[in-house]
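The values are calculated or read from the model by the stated rules, or taken from the named source; none is laboratory data. As the structure is a prediction and not an experimental result, all values here were calculated from the model. Note that each Cβ is placed from the backbone with ideal geometry, even for glycine, and that neighbours are counted across all protein chains shown.
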Amino acid sequence: MEEETLDTILDGRLRVLQPKRGYRFSLDSILLAHFVSLKSRARVIDIGCGSGIILLIVAKRFLQVNLTGLEIQKNLAVLAEKNTRINNLDDRVKILSGDARNIRNMFPARYFGTVIFNPPYRKLKSGRINPHPEKAIARHEIKGSLKDFLTAAKYLLKPAGIVFTIYPAKRLIELVCAFRDSGIEPKRMRLVFSDNFSEAEFVLVEGTAGGREELKIESPLFIYDKNKKYTKETENIFTELSCFPSDGDG
């Protein structure tokens, strides 16, 4: 097993084991976990969960939901399972190792109310592929593309089920088209900027299976202020951990 580090986030309220040299979570995963909105008792799956960072944050934010993580890389799935245990979340968060492209062999159709995924951003022929296989699979569409993740989501979702994802802003048109091709309508969107002077870096999107046309575009999120320090909103994302009350089934 590759050497690991134990890191803390949310002011020490979560501990996360990660490979020291392999794939490590980044800001986009934290932003996506914060963007997610759930009803209590929702049945949720994170496709391509890595070491489980999104699952851990979501489980801490929403105390009455049950979550499943699916990860194609067995070593990361093992870490994700460890992370659920060290954070005392293994009663509500289950980890499976498997390929989203074979989703029909793992779950019944319409089994989940919510699907979350932070997919690889880079096409196979775009840019240098990292020599570390763990990083390469996480960053390039080697073992799963946006279309593969959405195909899995369409199969897994109940009617009117919800999808949450984050993607490079420069591929927004591709993302919207892929959503609609999968029968999932974008309903809420937020652009993420490094600062006031930069182009949009990411786009956070919420979609509804079989939803009608109507898109809410939220105010943009700026990571840094003019002094290159984190904005107040970004600091809150890193430190706050709101626990949401029951608001019905999902």
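Before we move on, is Ser37 within 15 Å of the chain's Cα centre (by Cα) and surrounded by fewer than 19 Cβ atoms within 10 Å (Cβ to Cβ)? Yes; evaluated as a whole, the condition is true for this residue. How many residues, within region 217-231, are under 20 Å from the mean Cα position of the chain (by Cα) and without any contact (Cβ under 8 Å) to a residue 40 or more places away in the chain? Number satisfying all stated conditions: 4. On the given criteria, is Gly12 without any contact (Cβ under 8 Å) to a residue 60 or more places away in the chain and out of contact with any helix residue (DSSP H, G or I) (no Cβ under 7 Å at 6 or more places or on another chain)? It is true that Gly12 is without any contact (Cβ under 8 Å) to a residue 60 or more places away in the chain and out of contact with any helix residue (DSSP H, G or I) (no Cβ under 7 Å at 6 or more places or on another chain). Do you know which residues across region 45-60 are without any contact (Cβ under 8 Å) to a residue 40 or more places away in the chain and part of a loop (DSSP other than H, G, I, E, B)? Within region 45-60, Ser51 is the sole residue that qualifies. Criterion applied to Arg24, Arg41 was being closer than 16 Å to Ile162 by Cβ, in a loop (DSSP other than H, G, I, E, B) and either in contact with a strand residue (DSSP E or B) (Cβ under 6 Å, 6 or more places away or on another chain) or at pLDDT below 95 (or both), and the one residue passing it is Arg41.
When Ile57 is tested against (1) under 18 Å from Lys74 (Cβ atoms); (2) β-branched (Val, Ile, Thr); (3) out of contact with any strand residue (DSSP E or B) (no Cβ under 6 Å at 6 or more places or on another chain), exactly one condition is not met: (1). Looking only at region 190-214, residues that are more than 19 Å from Leu157 (Cβ to Cβ), of a type in the set (A, V, I, L, M) and crowded, with 17+ Cβ neighbours inside 10 Å come to 3 in all. Among the residues making up region 127-167, a single one is in a helix (DSSP H, G or I), modelled with pLDDT of 50 or more and surrounded by fewer than 17 Cβ atoms within 10 Å (Cβ to Cβ): Lys147. Looking only at residues in region 61-90 that are more than 17 Å from the chain's Cα centre (by Cα) and assigned to a helix (DSSP H, G or I), the one that is surrounded by the fewest Cβ atoms within 10 Å (Cβ to Cβ) is Lys74. On the given criteria, is Ile217 loosely packed, with under 12 Cβ neighbours inside 10 Å, at pLDDT 95 or above and closer than 29 Å to Lys60 by Cα? Here the answer is yes, as Ile217 does meet what is asked.
You will find that of Gly52, Gly22, the residue that is over 22 Å from Val192 (Cα atoms) and crowded, with 23+ Cβ neighbours inside 10 Å is Gly52 and no other. In this structure, Ala42 does not satisfy being buried (at least 18 other Cβ atoms within 10 Å of the Cβ) and without any contact (Cβ under 8 Å) to a residue 60 or more places away in the chain.
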